Amino acid sequence: MTNLRKPGFVLGLIIIAVAIVASLAPQLLATHDPFESVATDRLLPPSAQYLFGTDNLGRDLYSRVIYGAALSLLSASLAVVVGVVVGAVVGLISGFVGGRTDFIIMRFVDVLIAVPGVLLALIVVASLGFGPLSLALGVGLGAAGSFARVMRSQVIRIRSEEYVEAARTLGVRAPAILVQHVLPNAARPVIAMAALELGTAILSVSALTFLGFGAPPPAPEWGALVSAGRDYVATNPGLSIIPGAVILVVVLAVNRVARAIGGDE
Amino acid sequence: MTQVKAWAGYLLPKLGQFLFVVVATYTLVFVLVHFLPGDPLIAALAAKGGASTVIDPAELDALRVQYGLDGTLWQQYFGHLIAAAQGDLGISIATGVPVTEMIGRAFPFSVQIASLALLFGVTSAVLITFLAYAAPWPWLRQLLLQIPPFGIAVPAFLSGLLLISVFAFTLGWLPSAGARSFDAAILPAITLALPVGALFFQVFSSAVLEAQNSPYVFTAVAKGVPPRRIFTKHLLRNALLPSITILGLLIGYLAGGTAVVETVFSRDGIGRMTVNAVLARDINVIQGVVLVVGAIYALVNLLVDVAYGFIDPRTRIGGGVPSRARLGAKK
């Protein structure tokens, strides 16, 4: 509980809480309809009425950022879930079975780690089509390799523990040992890593939506907002820099809290 | 004779590893493309001609032959592998140009910013480590050590747009787009250097920390050698060596990063070409790019291994160096 006294950690938690509220109940935080254009209020600078200013169609940027949280954060969270589940299953099997199977699986995991995550995600997106789901799948698959590696090393460590030996001697079957003994003990490092991975996933997802591979235009995904503001960077730099800064702040908050979860202080 | 034998025993497995990584990358991409739902050719044609494109079956078959998407999966797998080994990566579905030619044309632009970014990133990582090492006050040290984690969290499009907005539009010092002059490479290279430098910093600074606790540094401090000299003579040398093993990983980061950076700065290059290929659902180009990047990654790792064998003879004569911060194939 020493964590609670650190200002960075508390600030991180507050930012994450706001982001979660924005994803689940955006109407509580938004001040305008994110899709409504007011023709007379185009490209306005930030003011009391429009906190982040307005875009080229006269839409309130602040409300669009708030409504964008759901798409951006849910894709990123889903990506982490895909990475953890795929990685954990592969690592669990590889570490528990061992021998030649382990060797072959791990060589493919090496390659999964070697191919840059962005490129892997691009292959998936190009094959499956654009949208938040295929983004999540692509980014998650890119992260699965590292999860598999961590999971495997945990399994190998736990496999030789006395309580596993004892269970085996008592005649407990392999699947039961995996679920009852190995999985709960291997979970902590994997969860810590998943928390850190969330920051990376938010960055990857927003990069891919920036490139135009997310939900189609009116959707206010964060990366797409930055991309839409790009045309006005000479005259209204805030239009793309403010949503970009929001992404940065959320990623920093997630990373800060994740490091605390991992006990890496 | 024993010398030759030792080298052969050291290099042959590395060479095998190199070939394995290339073939496995190809296999991974092939599996993803062919086992995810959807027909790549139909998707690409729809992207080209609009969603309502109707193609008659005979024509579709002819197109399949043209783009190398005909035959059984095994025929395709081995056919493309053999072709790729001969330098033929197929034909782009969107443009009809051979993929090898497209990559060859875009490559120099990306190499220009990537090598510049590597230079910027590594130099600033070493500089920050040195400043943190020599910092007289703990708060300054803490502040300096906070910079690299920050560098990893900044989205590349944000840092790129900030640089454009400040240095191109407000100050007017450097161009905001294009790839024709050397000036135009500076801002993209800085953008790309941020995450790469931060990644290098993580490995380098922990190697410095490790070397700092070694007996030779203790001796040097006891002798009264000034800190700057200890850093350059003892720490830099011993920490830089293990750090070069992550070069391959950095190359991978650079390759992935060019997609965003080249789009932000409207530059030609591998990254922008890949983005356009994804927009056109042009699977042949994407496959080619990933294979080339995978091959470069494996090649850099091979070269690092060979260089290591020269620099540190212990790696050659069995056993190997225990602490290697590399993320490559290792049991």
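How large is the Kirkwood hydrodynamic radius of region B:201-261, counting all unique pairs of alpha carbons, in Å?
Numbers: mean 1/r = 0.0768 Å⁻¹.
It works out to 13.0 Å.
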Report summary line: The relative contact order of region B:35-125, taking Cα pairs under 8 Å that sit 6 or more residues apart, comes to a percentage of 18 percent
Requested in this report: Any chance you could give the angle, 0 to 90 degrees and rounded to 10, that helix A:61-97 forms with the longest Cα principal axis of chain A?
Outcome: 10 degrees
**Report entry** Interface A:B - total buried accessible surface [probe 1.4 Å, Å², rounded to 100]
**Finding:** 4000 Å²
Requested in this report: In nm, give the distance between the simple-model label positions of B:Lys48 and A:Val18, each being 7 Å from the Cα along the Cα-to-Cβ direction.
Outcome: 4.9 nm
**Report entry** Computed label-point distance, nm, for sites A:Phe103 and B:Val31 using a 7 Å Cα→Cβ extension
**Finding:** 1.8 nm
Query - Relative contact order of chain A, pairs being alpha-carbon contacts under 8 Å that are 6 or more residues apart, as % - result: 22 percent
**Report entry** Charge tally in the Cβ shell below 11 Å around A:Val38, where Lys, Arg are +1 and Asp, Glu are -1, A:Val38 excluded
**Finding:** -3
Query raised in the report: With chain B treated as a Gaussian network of Cα nodes joined by springs under 10 Å, which of B:Gly294, B:Gly38, B:Gly257 yields the largest mean-square fluctuation?
Result: B:Gly38
Query - Shielding of B:281-294 by partner chains, average beta-carbon count, 10 Å - result: 3
Report task. Please work out the Cα center distance from region A:146-221 to region A:1-71, rounded to the nearest Å. Result -> 31 Å
Query raised in the report: Are there residues in region B:7-23 whose accessible area shrinks by at least 20 Å² when all protein chains are included rather than the chain by itself, and which are they (probe 1.4 Å, ligands and nucleic acids not counted)?
Result: B:Phe20
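Using packing as a proxy for protection, rank B:234-244, A:18-28 so that the peptide with the highest average count of other Cβ atoms within 10 Å comes first. The partial results should precede the final answer.
Values: B:234-244: 18.8, A:18-28: 14.9.
Packing proxy ranking, top to bottom: B:234-244, A:18-28.
Using a probe of 1.4 angstrom, how much of the accessible area of region A:121-218 is carbon and sulfur, in percent? Let's see the in-between values first.
Numbers: 2670 of 4130 Å².
Carbon and sulfur together cover 65 percent of it.
What does the C-alpha gyration tensor say about the overall shape of the protein assembly as shown? Classify as rounded when a/c is under 1.5, otherwise prolate if a/b is larger than b/c, or oblate.
Taking the square roots of the gyration eigenvalues as a ≥ b ≥ c, the protein assembly as shown is rounded.
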Query raised in the report: Using the Karplus equation 6.51 cos²θ - 1.76 cosθ + 1.60 (θ = phi - 60°), what ³J(HN,Hα) coupling, rounded to whole Hz, does each residue of region A:218-223 give in order, writing x for Gly and Pro?
Result: x, 4, x, 4, 4, x
Requested in this report: State which helices in chain B qualify, where a helix is a whole DSSP H run, it must extend 15 Å or more along its own axis by its Cα atoms, and its mean Kyte-Doolittle hydropathy must be at least 0.5.
Outcome: B:2-35, B:73-85, B:99-134, B:138-153, B:183-212, B:247-264, B:283-311
**Report entry** Relative contact order %, region A:37-79, counting alpha carbon pairs below 8 Å whose residues are six or more apart
**Finding:** 29 percent
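What is the average number of partner chain Cβ atoms found within 10 Å of a Cβ in B:147-153?
On the way: counts 0, 0, 4, 3, 0, 6, 14.
Across the residues of B:147-153, the mean count of other-chain Cβ atoms within 10 Å is 4.
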Query raised in the report: Mind checking which of B:Leu158, B:Leu145, B:Leu192 has the largest fluctuation in a GNM of chain B, springs on alpha carbons under 10 Å?
Result: B:Leu158
Query - Solvent-accessible area per residue, Å², over the protein assembly as shown with all protein chains present [probe radius 1.4 Å] - result: 47 Å²
Requested in this report: Using only Cα atoms, locate the centre of region B:117-164 and the centre of region A:228-246, then give the distance between them in Å, rounded to an integer.
Outcome: 24 Å
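Which whole number gives the average, over all residues in A:237-248, of C-beta atoms from other chains lying within 10 Å of the residue C-beta? Kindly include the intermediate steps, with their values, before the conclusion.
Numbers: counts 7, 1, 1, 7, 5, 1, 3, 9, 4, 1, 5, 6.
Going residue by residue through A:237-248 and averaging, the value is 4.
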Query raised in the report: Hey, what number do you get for the protein assembly as shown at 222 nm if only DSSP H runs of n ≥ 4 count, each worth -39500 (n - 2.57), divided across all residues, to the nearest 500?
Result: -23500 deg cm²/dmol
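The values are calculated or read from the model by the stated rules, or taken from the named source; none is laboratory data. Just so it is clear, the structure is predicted and the values come from calculations on it, not from any experiment. Methodologically, a virtual Cβ is constructed for each residue, glycine included, from the backbone with ideal geometry; neighbour enumeration extends over all protein chains shown. Side chains included, ligands, DNA and RNA excluded: accessible areas come from the protein's heavy atoms. Shrake-Rupley method; radii C 1.70, N 1.55, O 1.52, S 1.80 Å.
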